[in-house]
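Before any comments, here is the structure.
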Amino acid sequence: MNTPNPNPENFDWTAAEADVANVVDLDAERTRRAEAGTHFEVNLDEAPQRGGMPVEAPPVDASGKRPIVPANWSTWPNIRHSLAQAAALTAYRAGFHALRTPWYTLLASFWAVIGVFRLIGRQLKWWWVSEQYGLRQKAADDNDPGMWLKLHREVKATRMWRGLVLGGELLALGIGGPIAYATAPTWALVLAVALVVAFLAHIGRPEDRRIITPATVSGRFRRVNPDIILRAYYAAGLGHPDKPHQQISFGSTMARDASGTGSQVSIDLPYGKTFDDAVKARGAIASGLDVAMSQVFITRDPSSHRRHVLWVADRDPLAQGAGRTPLLRCKPTDIWKPAPFGLDERGNKVAVDLMWNSILIGAQPRQGKTFAARLLGLYAALDPYVKLTVFDGGGKPDWRRFALVADRCAFGLAMTRDGDPAEIVVEALREIKADVQDRYERLSKLPVDVCPEGKLTREIARDPKYRMPVRIVLMDEFQEYFDLGDVSKEIASLLVYLVKVAPAAGVIFVDATQRPSGVGGGQVASQFISFRDNHQVRFSLRTGSWNVSDLVLGAGANSEGYDSSTLLPSYKGVGILRGASDATPTVRTYFADIDDAEKILIEARKLREAAGTLSGMAAGEDIAREIRDVLADVRSVIERGETGAQWEEIAARLADRLPEAYADITAESISAQVRSFGVRSVDVKRSGKALKGAKADDIDAAIARRKAA
């Protein structure tokens, strides 16, 4: 059932005509509505949310009769649109099959050969009248010689004339075939061969094997209509069809959404029922609709707390990945423009504004948290005017290639030849704090025509004379820096100050953690909470409970219908993005693995070298080592006949043979560098003792992957 439009005077008829693909006589419609009358002189509600094609075409009049001529062929604009759609679909199918024609030909030839033997077998079976064998056997079993002789004479006669038919076929083929080949035009021969091969292939192929692959597949999904929605809401306890003032009503027409991937409608709950009630009943609503919970999305309508928009996807929209990142084109980016992040549940592109923001990413382990944070870091790296600082408290291989471009970087918590990672973090944060304070002072002194609002501008950030480039601080597993003892007190204090103050000075924070609830105790624990809660943009992949989801997304997210704990474990790189825009979409992030990241970062380094903006650790003591081919160097020190070598052996051999580049290399350092290319650290036996090292085959495979990329 549908309720009348609550706001007929302000309804956007032009948009409705475009969506429904039908032309409405506006004068006749206004006359009809004027005769029907209206109840209110003042419009109380906004126009219903615009949808796409209605699920069921509306009747022409109250009798429910549908138009004799379908709407898409009723007017010249609609006819042109329908013809254009048909032409586009035909062209797509033609191109699809044209590309696969050689494969179709090969398949058809193969099955045609089998079809020849099957056809011969069928002909012989038909000639031999094998179906009568059972009757003759029954006559013999019944000891009825008269019936057996009668059947025998009949089968002999049948075989005789069927044999003549088969002989005629062979004679026709033997004589007619050569004559046709000699006299028929080429096009006729080609057509005849094609038809014969197609016929034989049809006979030869199994029933479940198609030769021609369909270019388009019609989706099958649960049909949703108003009656089903009412059933679902009443079953969920959100109203009662027979009680006064407890009926569910509709604020808009049940319609297909613009993307064509689902159906949507505006729902008015009974008075006293709230949006929160609908959110809590989302599972029951999904059950009533007979769809998965991941297909049901409930969005708040700001006009009323009892009204919301229900969108039901045809199929699970989050099960399909968003694909590889567009950053693989390795084109220069601009930090002042939104960074491509992924696709929402309806397939729309989602971008994140990095400028003036701090971004918190939280999730359970192995849900794509690091990949999401790294995606934003790669975008920033391709802008040669952005200064990067990268800290990874977990020490994973995912971030180590950022040493190619990072002004400051630290990986893990173990001591390296670069020093103590905790000390590197403290020194870097001190320097950033001093830079932020200095920026505010210098920005306040710039003339109005250069700095109109007292804020950093793109021109100031890119002009080297001002020394105020945009900076981005990328921290993965940042909870580790809050649990280091005394040094954590200063780190916590610096981070809280910077996350509150630095974004307005052009210093961006992107922070990821799997422990959003916090670590430690006392002042450091409270500073952790302050640091976590001062991020403007939140992205939560799957979490363990709604409480943890609220810690990542911010207080009140669950009451608004956003709970990342409802995401399925199979969703990788899927999370809820809150605070980046007015909407709060569920985003499938783009994918970039460690090889993709390395490719992008190598190009990012080249951009920085060309722009003269390479700085800090990327341009200092590590630059010579980064230019060297570490994989090739390690492979060269594994002797012929050795299947692998231990890290200590590799470090010693490199220091001995290439002292100019590896004089102070350690087993831990070379292990980290090689593992960053995806080489496994495995047990290698030497003199009866097994220690961690690398296999020659794994190094060769990593070199091959890099060449292929």
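We did not get these values from a lab; they are worked out from the coordinates using the rules stated. Because the structure is predicted, anything quoted here is derived from the model rather than measured. Note: ideal-geometry Cβ built from the backbone for every residue, glycine included; neighbour counts use all protein chains shown.
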Can you compute the FRET efficiency between VAL116 and VAL519 using 1/(1 + (r/R0)^6), with r the Cβ-Cβ distance and R0 = 60 Å? Round to the nearest 0.05. 0.20
Using the Karplus curve 6.51 cos²θ - 1.76 cosθ + 1.60 with θ = phi - 60°, work out ³J(HN,Hα) for each residue of region 195-202 in order, rounded to whole Hz, and write x for Gly and Pro. 5, 5, 4, 4, 5, 5, 5, 4
Net lengthening on full extension, LYS150/LEU106 (0.36 nm per residue, minus Cα-Cα): 10.9 nm
Computed, not fitted: 222 nm per-residue ellipticity of the chain from DSSP H runs ≥ 4 (each -39500 (n - 2.57)), nearest 500, equal to -14000 deg cm²/dmol
Interchain or long-range residues, amide H under 5 Å from ALA339's placed H: VAL352, ASP353, LEU354
Largest first and in whole Å, what are the equivalent-ellipsoid semi-axes of region 231-290 based on the Cα gyration tensor, each being the root of 5 times an eigenvalue? 21, 14, 11
Based on the Kirkwood radius over alpha-carbon pairs, what value in µm²/s does the Stokes-Einstein equation return for the translational diffusion coefficient of region 174-256 at 20 °C and 1.002 mPa s? 110 µm²/s
Distance-filtered residues of region 546-585 - backbone nitrogen under 13 Å, label point 7 angstrom along ASN357 Cα→Cβ: 576-585
Count charges around LEU166 for me, please; just the other residues with Cβ under 12 Å from its Cβ, Lys/Arg as +1, Asp/Glu as -1. +3
Between GLU459 and LEU124, what is 0.36 nm times their sequence separation minus the Cα-Cα distance? Round to one decimal in nm. 111.9 nm
Principal axis box of region 152-191, alpha-carbon based, largest edge first, Å: 49, 16, 7
Could you bin all the Cα-Cα distances of region 381-488 into 5 Å bins starting at 0 and give me the percent of pairs in each, rounded to whole numbers? 2, 11, 19, 20, 15, 12, 10, 7, 3, 1
How many angstrom lie between the C-alpha centres of region 108-181 and region 557-575? 67 Å
Taking the Cα atoms of region 85-131, what is the range of coordinates along each of the three principal axes, in descending order and whole Å? 54, 22, 9
How much length is gained if the chain between VAL487 and ASP290 is pulled fully straight, taking 0.36 nm per residue apart and subtracting their Cα-Cα distance, in nm to one decimal? 65.4 nm
Intensity falloff of region 555-709 expressed as log10 I(q)/I(0), Debye formula with alpha-carbon point scatterers, at q = 0.17 Å⁻¹: -1.01
Which entry in [x] 61, 46, 26; [y] 56, 28, 23; [z] 57, 43, 19 is this structure's computed semi-axes √(5λ) of the Cα gyration tensor in Å? [x]
Using a Förster distance of 45 angstrom, determine the FRET efficiency expected from the C-beta separation of ILE203 and ARG657, and round it to 0.05. 0.05
